[in-house]
Structure formats: structure tokens, C-alpha cells
Amino acid sequence: MLIRHADPDRDAEACAAIYRPFVTDGAVSFEAEPPDAAEVARRIAKLSATHPWLVAETDGDVVGYAYGCPHRERAAYRWTTEVSVYVGNGHHRRGVGRALYSALFGLLERQGYRLACAGITLPNDASLALHKSMGFEPVGVYRGIGWKAGAWHDVSWWQLQLAPQGREAPDEPGPPVQLDGDAAPRP
């Protein structure tokens with residue numbers, strides 16, 4: 001399996017296809033309609049300016065992706081990032097999510113982020129197990145916060161400390177960094 005930075009032109013269609021069932025087949029994503037490849041390409045390009053967006057490739061096919069994004073707009077949150085990971089059908093329980101998250105967290109820490117947050121629509125045993133296994137800790141549940149697929153859904157929030165939080169102001173988070181050994185230019 002190869003983990004690399006996403007390229008909007010090369011990877012948007014595959015990422016859109018992976019994400020589609022998470023939108024259409026239940027409430028994992030609260031989006032009403034799955035974004036098309038053009039929209040996913042726009043998202044990859046926009047987020048890649050400040051945060052990593054990674055894909056996992058097996059035998060030349062993109063089988064999963066993970067990315068970081070701003071958690072909130074207020075200035076005090078700038079050392080915190082929200083993270084997401086999606087793995088394509090037929091590739092679950094093969095270490096794809098773990099490999100993507102491991103690479104993503106290393107990049108985010110090198111950029112200067114201190115905390116990663118993840119929201120998980122309940123129920124979602126597989127996502128809860130992955131986040132627990134990666135060291136995330138539960139911090140709370142928004143009860144009945146989203147209506148989708150004919151029901152109200154809770155969202156469980158989790159956090160992972162990426163780097164120590166000292167008493168002095170940290171350096172500002174830096175620009176995205178390359179994966180070790182990744183010679184491909186960033187999009």
C-alpha cells in the first residue's frame with residue numbers, strides 16, 4: 001500500500017466514489033447529496049493549501065483517503081485540526097484507515113498542530129474502534145443533532161493529542177509538509 005498526497009486532478013474521481021456510499025447509504029455523513037468529482041477536486045485543492053489530504057493506493061487504485069481541516073474559525077482554535085478518514089468498500093479491516101491516519105497525524109504534528117478532533121455519527125462501531133485504537137479519547141456526544149435517513153442521529157466527538165501543550169504560546173502552525181520520501185510535488 002502506498003500513502004501519498006492527493007492530487008485534485010488525479011484523485012478526485014476515486015475519492016468521490018469512495019465517499020458516495022457514506023452519503024447515500026445512511027447517516028455516516030450528514031451531506032444530503034454526494035459531491036461529484038469536480039467538487040471533490042475543489043475540496044482537495046482548497047484544503048491542501050493548509051492541511052494534508054492523503055490517499056492510500058493499492059495496485060494503482062485509490063482505496064481510501066484521509067485529511068485534516070480547520071476545526072473552528074476563531075483564532076484560539078488554530079492549533080487544533082479536525083480529521084476524517086474514508087475507506088472504500090472491499091478494503092475495510094485491512095489497515096488502510098490506520099495507515100492513512102498514522103501518516104496524517106505525523107504530518108499534522110510536524111506542521112505544529114497540537115490536537116486532532118473527530119466527529120463520528122452514531123452508531124458506527126467500525127469508526128469508533130479505529131479511533132479508539134489510534135489513541136483518541138471521547139469528549140462528548142451531541143444528542144439528536146442531525147436528521148438524516150428518517151431519524152435523528154447523535155454525533156460522538158473524540159480528540160487525540162498530537163503534541164504537548166505547554167504553558168507558553170506555541171509557534172504558529174506551518175504550511176503543509178511532505179511525507180517522508182514523497183518526491184511528488186504538492187498540488
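The values are calculated or read from the model by the stated rules, or taken from the named source; none is laboratory data. Only a predicted model underlies this, so the values are computations on that prediction, with no experimental measurement involved. Cβ sites come from the backbone with ideal geometry, for glycine too, and all protein chains shown count toward neighbours.
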Within region 36-50, the count of residues that are over 13 Å from Arg10 (Cβ atoms), surrounded by 15 or more Cβ atoms within 10 Å (Cβ to Cβ) and of a type in the set (A, V, I, L, M, F, W, C) comes to 1
So Gly97 passes all but one of these: (1) touching a Ser or Thr at 6+ places or on another chain (Cβ under 8 Å); (2) surrounded by 17 or more Cβ atoms within 10 Å (Cβ to Cβ); (3) in a helix (DSSP H, G or I); (4) free of Cβ contacts under 8 Å to residues at least 40 places away in the same chain. Which condition number does it fail? (1)
Of the conditions (1) surrounded by fewer than 16 Cβ atoms within 10 Å (Cβ to Cβ); (2) closer than 18 Å to Leu100 by Cα; (3) touching a residue at least 24 places away in the same chain (Cβ under 8 Å), the single one that Gly60 does not satisfy is (3)
Extreme residue, modelled with the lowest pLDDT, among residues of region 1-47 that are within 17 Å of Gly88 (Cβ to Cβ) and small (Gly, Ala, Ser): Gly26
Testing Trp147 on (1) without any contact (Cβ under 8 Å) to a residue 12 or more places away in the chain; (2) closer than 17 Å to Pro21 by Cβ; (3) not acidic (Asp, Glu), one condition comes back false. Which one is that? (2)
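Looking at region 64-85 only, could you name the residues that are part of a strand (DSSP E or B) and surrounded by fewer than 22 Cβ atoms within 10 Å (Cβ to Cβ)?
Cys69, Pro70, Thr80, Glu82, Ser84 - these are the residues of region 64-85 that are part of a strand (DSSP E or B) and surrounded by fewer than 22 Cβ atoms within 10 Å (Cβ to Cβ).
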State which residue is surrounded by the most Cβ atoms within 10 Å (Cβ to Cβ) when the search covers only region 106-161 and only residues that are closer than 21 Å to Gly64 by Cα and among the β-branched types (Val, Ile, Thr). Ile120
Failed condition for Leu2, given (1) among the aliphatic types (A, V, I, L, M); (2) in contact (Cβ under 8 Å) with a residue 60 or more places away in the chain; (3) surrounded by fewer than 18 Cβ atoms within 10 Å (Cβ to Cβ): (2)
Just a yes or no: is a residue in region 40-54 more than 30 Å from Glu168 (Cα to Cα) and either touching a His at 6+ places or on another chain (Cβ under 7 Å) or outside any helix (DSSP H, G or I) (or both)? yes
